[in-house]
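Chemist: Can you read through this structure? Questions will come right after.
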Amino acid sequence: MTDEIMGDPGPSGRFGQYGGRFVPESLVPACMELEEAFRAAWTDKAFRAELDEILQRYGGRPTPVAECVRLSEELGVRVLLKREDLAHTGSHKINNVIGQGLLARRMGKHRLIAETGAGQHGVATATAAALFGMECVVYMGEVDTHRQELNVFRMELLGAEVRPVSSGSRTLKDAVNEALREWVATVDTTHYCLGSVMGPHPYPWMVREFQRVIGDEARPQCREMLDGADPDVVVACAGGGSNAAGIFAGFADSTDSALVAVEAAGGASMTTGMPGVLHGMRSALMQNEEGQILEAESISAGLDYPGIGPEHAYLGELGRARYVSAGDTEVLEAFQRLARTEGIIPALESAHAIAWVIAAAGTGELPVGSTVLVNLSGRGDKDVAQVRDILKGGA
Ligand SMILES: *Cc1c(COP(=O)(O)O)cnc(C)c1O
């Protein structure tokens, strides 16, 4: 790999001791074909121009950076938001699925498969499949299909087939296994549209590159607002870690910006996990002493993955990024506070990043007068009913 932080990991797909391609022999050719296709597409100006154009005209890019006037006044810290909640489908996930959909079409594939937990990546993939006129099958743990009925219906509306997975714990990690299995059998026609910066090489690198548009836009947007300076801190929530990787990539070489990723306290693979292998990658994973993967738990379904992308494990080890966690109670408070002070209802996932800012301003970890850019990864409409049930004592 190169010395450059957040650069091309090279053919090994390694980020220090993390990453790689830990898959059965039968999956290696599919991964290699994908890596080669992505490498060629990513250096092809025509591909990049077409992707940019779709992200603009269909995806709603560029998203703005907004000044939080009232919250900043209350906290004594200048808070800026990168508004990924304003992108089509209401989150950053659209950047990745449009990138992979366009790549799949370039590879001559007419079918997308995906895994989904809460259903958001399934909905995003179904959206891209509809846009490109492709078939779409989404694997979803049977337990999750009941918990997220509305998203199952959304995917069906968009023309996708949802296949419940009844193996293992019948949740996200079983859905990933099933999607990988199906990919081997159908690789001639099918692209596996993986949802975050995880899995076997080239996914962690490729998905980060499709999400780096967030950071590439945000850096000049911030400089315009901060008299040419970078923010003191760039903060994002992390489940698999794709929205964090996307915004970090734009600031990786900044000597002025500290990078902070906030995991759910019940899914904190960086602070409570250990190195291990899962879903084709070596990374930081929540596991017991026998190496058995633990179930993550959070009010925010999008953050309850027991691992994190391998590049994050590496950035943490290097000390380039810091990994912290936020608990459900402070997240619920941050959710309401952003709504009241700024008129923005954030996704519960994104509220983790806000919760850290509020806490760090309180302890002085973010000194008075410092500037912080928060990646507001998504909007909270999807979470309103759940938050109502919690706050009004229903659940
Ligand atoms: C899916 C999702 C996340 C978590 O995924 P990452 O890969 O960690 O970005 C965060 N925020 C929102 C709004 C999401 O939909």
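The values are calculated or read from the model by the stated rules, or taken from the named source; none is laboratory data. Values in this document were obtained by computation on a predicted structure and should not be read as measured data. Cβ sites come from the backbone with ideal geometry, for glycine too, and all protein chains shown count toward neighbours. The protein model used for the area step is the full one, side chains on, heavy atoms only, and it has no ligands, DNA or RNA in it. Shrake-Rupley method; radii C 1.70, N 1.55, O 1.52, S 1.80 Å.
Chemist: Measure of size requested: the Rg and Dmax of the chain, with Cα atoms as the atom set and Å as the unit; please supply both.
Modeler: Values for the chain (Cα only, Rg and Dmax): 19.5, 57 Å.
Chemist: Follow-up. Roughly how much of residue 109 is accessible, in Å² to the nearest 10, using a 1.4 Å probe?
Modeler: 10 Å²
Chemist: Suppose each label sits 7 Å from its Cα in the direction of the beta carbon; what would the residue 5-residue 74 distance come out to in nanometres?
Modeler: 3.2 nm
Chemist: Note the angle between two axes, namely the Cα long axis of helix 172-186 and the longest principal axis of the Cα atoms of the chain, as a number of degrees from 0 to 90, rounded to the nearest 10.
Modeler: 40 degrees
Chemist: Would you rank 69, 184, 324 by solvent-accessible area, highest first, keeping every protein chain in place and using a 1.4 Å probe? Don't skip to the end; give the middle numbers.
Modeler: Values: 69 85, 184 55, 324 25 Å².
Ranked list, largest accessible area first: 69, 184, 324.
Chemist: Cross-chain or 8 or more residues apart, Cα under 30 Å: how many lysine pairs in the chain fit that? Count them up, please.
Modeler: 12
Chemist: Can you tell me the orientation of helix 28-42 relative to the chain, as the angle in degrees between its alpha-carbon axis and the longest Cα principal axis, to the nearest 10?
Modeler: That helix lies at roughly 60 degrees to the long axis.
Chemist: May I pose another question? For segment 1-156, taking Cα atoms only, what is the radius of gyration to one decimal and the Dmax to the nearest whole Å?
Modeler: In order Rg, Dmax, the Cα atoms of segment 1-156 give 18.6, 57 Å.
Chemist: Okay, next question. Residue 147 versus residue 289, label points 7 Å from Cα toward the beta carbon: distance in nm?
Modeler: Using points 7 Å along Cα→Cβ, the separation is 2.8 nm.
Chemist: So if each residue of separation counts as 0.36 nm, and I subtract the Cα-Cα distance between residue 256 and residue 333, what length gain in nm does that give?
Modeler: Numbers: separation 77, 0.36 × 77 = 27.72 nm, distance 2.96 nm.
Residue separation times 0.36 nm, minus the Cα-Cα distance, leaves 24.8 nm.
Chemist: Moving to a separate point now. Can you pull the accessible area of residue 188 for me, 1.4 Å probe, Å² to the nearest 10?
Modeler: 140 Å²
Chemist: Still on this structure, I have one more. Can you give the accessible area per residue of segment 103-206, in Å², using a 1.4 Å probe?
Modeler: Numbers: 3770 Å² over 104 residues.
Dividing the accessible area of segment 103-206 by its residue count gives 36 Å².
Chemist: In nm, to one decimal, how far is the residue 157 label point from the residue 381 one, both placed 7 Å along Cα→Cβ?
Modeler: A separation of 0.9 nm, rounded to one decimal place.
Chemist: Beyond 25 Å, what share of the Cα-Cα pairs of segment 122-273 is found? Please give it as a whole percent.
Modeler: Numbers: 4773 of 11476 pairs.
Cα-Cα pairs in segment 122-273 separated by more than 25 Å: 42 percent.
Chemist: Ordering 91, 166 by accessible area with a probe of 1.4 Å, largest first, what comes out? All intermediate terms of the calculation are to be shown ahead of the outcome.
Modeler: On the way: 91 20, 166 85 Å².
The ranking, largest first, comes out as 166, 91.
Chemist: Express the accessible area of segment 210-259 per residue in Å², computed with a 1.4 Å probe while the remaining protein chains stay in the model.
Modeler: Working: 1520 Å² over 50 residues.
Value for segment 210-259: 30 Å² per residue.
Chemist: Check residue 259: other-chain or 5+ apart residues with amide H under 5 Å from its amide H, H built from backbone geometry?
Modeler: Here the answer is 234, 322, since their amide H atoms fall under 5 Å of that of residue 259.
Chemist: A follow-up question, please. Counting only residues 5 or more places away or on other chains, whose amide H sits under 5 Å from the amide H of residue 21 once H atoms are built in the peptide plane?
Modeler: It is 201, by chain and number.
Chemist: Would you check the accessible area of residue 18, probe 1.4 Å, heavy atoms only, in square angstrom rounded to 10?
Modeler: The accessible area comes out at roughly 20 Å².
Chemist: Relative to the longest principal axis of the C-alpha atoms of the chain, give the angle of the C-alpha long axis of helix 120-132, reported between 0 and 90° and rounded to the nearest 10°.
Modeler: The answer is roughly 60 degrees.
Chemist: Please work out whether segment 331-382 counts as rounded, prolate or oblate from its C-alpha gyration tensor, where a ≥ b ≥ c are the square roots of the eigenvalues and a/c under 1.5 means rounded, while otherwise a/b larger than b/c means prolate and anything else oblate? If you can, show how the numbers build up before the last one.
Modeler: Values: a/c = 2.07, a/b = 1.96, b/c = 1.06.
Here segment 331-382 falls in the prolate category.
Chemist: OK, next. For the chain, give the percent of accessible area contributed by carbon and sulfur heavy atoms, probe 1.4 Å, rounded to a whole number.
Modeler: Details: 7790 of 15410 Å².
Answer for the chain is 51 percent, counting heavy atoms of protein chains only.
Chemist: Cα gyration tensor of segment 184-272, axes a ≥ b ≥ c as square roots of the eigenvalues: rounded (a/c below 1.5), prolate (a/b > b/c) or oblate? Before the final figure, lay out the partial values.
Modeler: Details: a/c = 3.35, a/b = 1.65, b/c = 2.04.
Taking the square roots of the gyration eigenvalues as a ≥ b ≥ c, segment 184-272 is oblate.
Chemist: How fast does segment 309-395 diffuse by Stokes-Einstein, in µm²/s, taking the Kirkwood radius from C-alpha pairs at 25 °C and 0.890 mPa s? If you can, show how the numbers build up before the last one.
Modeler: Values: Rh = 14.3 Å.
D = 172 µm²/s.
Chemist: Counting pairwise Cα distances across segment 1-84, what percent come out greater than 18 angstrom? Show your work: numbers first, answer last.
Modeler: Working: 2370 of 3486 pairs.
Taking all Cα-Cα pairs of segment 1-84, the fraction more than 18 Å apart is 68 percent.
Chemist: Sum -39500 (n - 2.57) across every DSSP H segment of at least 4 residues in the chain, then divide by the residue count to get the 222 nm mean residue ellipticity, nearest 500. Could the numbers behind the result be given before it?
Modeler: On the way: 16 runs with 176 residues, N = 395.
Per the formula, -13500 deg cm²/dmol.
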